[in-house]
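Asker: The following block contains the structure, expressed as structure tokens.
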Amino acid sequence: MPIKKKAQAPVKAKAPTKAKPQAKESEKKEVKTLETLRGMKDILPREGREWADVYRQAMDIAHAYGFQYMETPVVEPAQLFIRSIGRGTDVVDKEMYVFEDKDGSRVCLRPEFTASFVRAHIQHGLLNLPQPVKVWTWGQLFRHDRPQAGRYRQFHQFDCETFGELDPVVDAELIAVAYNFLRDLGIETTVHINSIGSLEDRQNYIMELVGYLKTKRSYLCEDCKKRLVKNPLRVLDCKEEGCRTVLQDAPQILDWLSTKSKNFFMSVIEYLDELKVEYTLDSTLVRGLDYYSDTVFEFFATNKEEGSQSALGGGGRYDGLFEQLGGRPTPACGFALGIERVLYAMPKAKPPVEGSMIEKPPRIFFAQLGDQARRRVLLLIEELRRKGVTVDFNIAKTSLKAQLEIADKVQATHTIIIGQKEVQDGTAIIRDMDSGIQETIDQKKVYQEVMKKLKRGEK
Ligand code: AMP
């Protein structure tokens, strides 16, 4: 079909315009830059390596203990957390990012993993798998809290959960996984542990506790006066001095445990002794969320003194949660560690831990001169990668000087240089970055030479 051309309007001759004077530098319209939301944090390239190392350490230990990876969505029905964590808790009442979705449903950004995991297990019938089901994950969580050091509105957790086994060894195993993970990262850790018994034990205890606290009401902080009505157990972990004094003579939950819960707790403790986990019995530890029962625990960096802010993570048993969310009765236990706080607690310039899986930083740098050499170097790097060796390089740079400067910056001990001549005769130069001494080797021997240098750790 012939294409009709649009009739073109005659082009009007433009009246000559006066050249506009150039806008002065100061009059130029400024484009506003944008920044992260309050309480949100970018992970910058300089931190990337540490994050990746900690992630790998988490993955290695989880797999070594037989946990399988799983993921749940960041966005969930708001009801999931309201029904599990419970009203009267800070997480649900104050901190959840809840909003209306386009279809009018109430959704939220997940504030924790446990409830999502339980939902997923019920939804997909995962409990029909051989028991126990052991899963782990890692990811972002969201709580609209007041930001301060170590407290963000978006943060990360490493989380492990065990479903389908009512045995104290499960609690001890989970505690040992978190404890050893932290210790492998060089963090001196103490576990605070307590039992809050069954729902019935707790109800009896709460009556006794409220009776006592009412007699001391005037000494309590304003928040605790409210907690006394809404969630009295939360008074136990208040850090206000007045409240702490009142709590010194408060009834202790351990005295209200049934024989069954007491025996269960004693077994957990015995296992921890055998596993050489350092712990402290902490009668004020309750963890505050509705779904916990029996064992509850938190992990603290031994050398950090500033109270609850330095808790690296925590967890506990939640045998009633599956039923609460419409599933069949299923015992369960889990922990979550806050990665931002773990990274903060890690000793800087940490000496490598014996037997740790953390990859040592590469110390070999590859430099190239000329287009053919660049291709050859890319091939060699891929060959090494396939054999499990990672090295440093900057393929975008063309000058040798610039590449050697980068090699210095990344503290490479050796640089392997390939130029036009080396491509032709199948050789490579190894340069010792400290002494500047260079030797020529056969390109086919690059892998062996790199391994030798890395293994020996020699200069
Ligand atoms: P929780 O289940 O609330 O005890 O949280 C477990 C761990 O997650 C805490 O011990 C912290 O390490 C970390 N965490 C919780 N909330 C935040 C937050 N707002 N910012 C950073 N880390 C957090």
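The values are calculated or read from the model by the stated rules, or taken from the named source; none is laboratory data. Everything numeric here is computed off the predicted structure, so don't read it as measured data. Ideal geometry is used to build each Cβ from the backbone, glycine not excepted, and the neighbour counts take in all protein chains shown. Calculation scope for accessible area: heavy atoms of the full protein, side chains included, ligands and nucleic acids excluded. Shrake-Rupley method; radii C 1.70, N 1.55, O 1.52, S 1.80 Å.
Asker: Considering only C-alpha atoms, what is the centroid distance from the stretch 397-457 to the stretch 166-184, in Å?
Answerer: 45 Å
Asker: Please list 3J(HN,Hα) in residue order for the stretch 419-431, calculated via the Karplus relation 6.51 cos²θ - 1.76 cosθ + 1.60 where θ = phi - 60°; whole Hz, with x for glycine and proline.
Answerer: Running phi through 6.51 cos²θ - 1.76 cosθ + 1.60 with θ = phi - 60° gives x, 4, 4, 5, 4, 4, 9, x, 10, 8, 9, 9, 10 Hz.
Asker: From the phi angles alone, apply the Karplus equation (6.51, -1.76, 1.60; θ = phi - 60°) to the stretch 143-153 and give each ³J(HN,Hα) in whole Hz, x where the residue is Gly or Pro.
Answerer: Once rounded to whole Hz, the list reads 9, 7, 9, 6, x, 7, 3, x, 10, 10, 8.
Asker: May I ask for the angle, rounded to the nearest 10°, between helix 400-409 and the longest principal axis of the chain, with both axes built from Cα atoms and the value confined to 0 to 90°?
Answerer: 20 degrees
Asker: Report the Cα centroid-to-centroid distance between the stretch 81-126 and the stretch 210-255 in angstrom, as an integer.
Answerer: A separation of 28 Å, based on Cα centres.
Asker: Using only the C-alpha atoms of the chain, find the volume of their convex hull and express it per residue in Å³.
Answerer: Dividing the Cα hull volume of the chain by its residue count gives 331 Å³.
Asker: Binning at 5 angstrom from zero up to the longest distance, how are the C-alpha pair distances of the stretch 364-452 distributed in percent?
Answerer: It works out to 3, 15, 29, 29, 20, 5, 0, in whole percents.
Asker: Using modelled backbone amide H atoms (1.01 Å from N, in-plane), which distant-in-sequence or interchain residues come within less than 5 Å of GLY313's amide H?
Answerer: Under 5 Å from the amide H of GLY313 lie the amide H atoms of PHE299, GLY338, each far enough along the sequence or on another chain.
Asker: Using the Karplus equation 6.51 cos²θ - 1.76 cosθ + 1.60 (θ = phi - 60°), what ³J(HN,Hα) coupling, rounded to whole Hz, does each residue of the stretch 239-247 give in order, writing x for Gly and Pro?
Answerer: 9, 5, 4, x, 5, 4, 5, 4, 6
Asker: Turning to a different aspect of this structure: Just to confirm the number: angle between the C-alpha axis of helix 446-456 and the first principal axis of the chain, 0 to 90 degrees, nearest 10?
Answerer: Roughly 40 degrees between the two axes.
Asker: OK, next. State the answer as a single residue: which of ILE122, THR215, GLY315 lies farthest towards the positive end of the charge dipole of the chain, with beta carbon charges of +1 for Lys and Arg and -1 for Asp and Glu, about the Cα centre.
Answerer: ILE122
Asker: Could you calculate, for the stretch 81-163, the ratio of the Cα radius of gyration to the Kirkwood radius, expressed as Rg to Rh?
Answerer: My calculation puts Rg/Rh at 1.01.
Asker: Can you order the peptides 411-420, 130-139 by their average number of other Cβ atoms within 10 Å per residue, highest first?
Answerer: 411-420, 130-139
Asker: Starting from the Cα of GLN252, step 7 Å toward the Cβ, then list every residue of the stretch 269-287 with an amide N under 18 Å from that point.
Answerer: Only 269-270, 279-287 pass the distance filter.
Asker: Tell me, Kirkwood radius of the stretch 136-241 from alpha-carbon pair distances, in Å?
Answerer: Across the stretch 136-241, the inverse of the average 1/r is 17.4 Å.
Asker: Along the Cα-to-Cβ line of ARG328, 7 Å from the Cα, sits a label point; which residues in the stretch 150-182 have backbone N less than 14 Å from it?
Answerer: In the stretch 150-182, the label zone of ARG328 (backbone N under 14 Å from the point 7 Å along Cα→Cβ) covers 164-165.
Asker: Can you give the charge dipole size of the chain about its Cα centre, rounded to the nearest 20 debye, using +1 on the beta carbon of Lys and Arg and -1 on the beta carbon of Asp and Glu?
Answerer: The dipole magnitude comes to about 3280 debye.
Asker: Show which aspartates and glutamates lie in cross-link reach of LYS134 when reach means a straight Cα distance below 17 angstrom and same-chain residues fewer than eight apart are skipped.
Answerer: Result set, ordered by chain and number: ASP60, GLU71, ASP159, GLU161, GLU165, ASP167, ASP171, GLU173, ASP319.
Asker: Ignoring the sites themselves, what is the longest stretch of the chain with no GluC sites (Glu not before Pro) in a DSSP loop and at most 11 other beta-carbon atoms within 10 Å?
Answerer: 36-304
Asker: Return the carbon/sulfur percentage of the accessible area of the chain, one whole number, probe 1.4 Å, all protein chains in place.
Answerer: Exposed carbon and sulfur together represent 52 percent of the surface.
Asker: Tell me the per residue accessible area of the chain using a 1.4 Å probe; a whole number in Å² is fine.
Answerer: Solvent-accessible surface per residue comes out at 58 Å².
Asker: List the trypsin sites (Lys or Arg not before Pro) within the stretch 25-111 that DSSP assigns to loop and that have no more than 15 neighbouring Cβ atoms inside 10 Å.
Answerer: LYS28, LYS29, LYS32, ARG38, LYS41, ARG87, LYS102
Asker: Quick one: pull the percentage of alpha-carbon pairs in the stretch 250-321 with a separation above 22 Å.
Answerer: 26 percent
Asker: Can you list the trypsin sites (Lys or Arg not before Pro) in the stretch 209-317 that are in a DSSP coil and have 15 or fewer other beta carbons within 10 angstrom?
Answerer: Listed in order of number, the matching sites are LYS239, LYS276.
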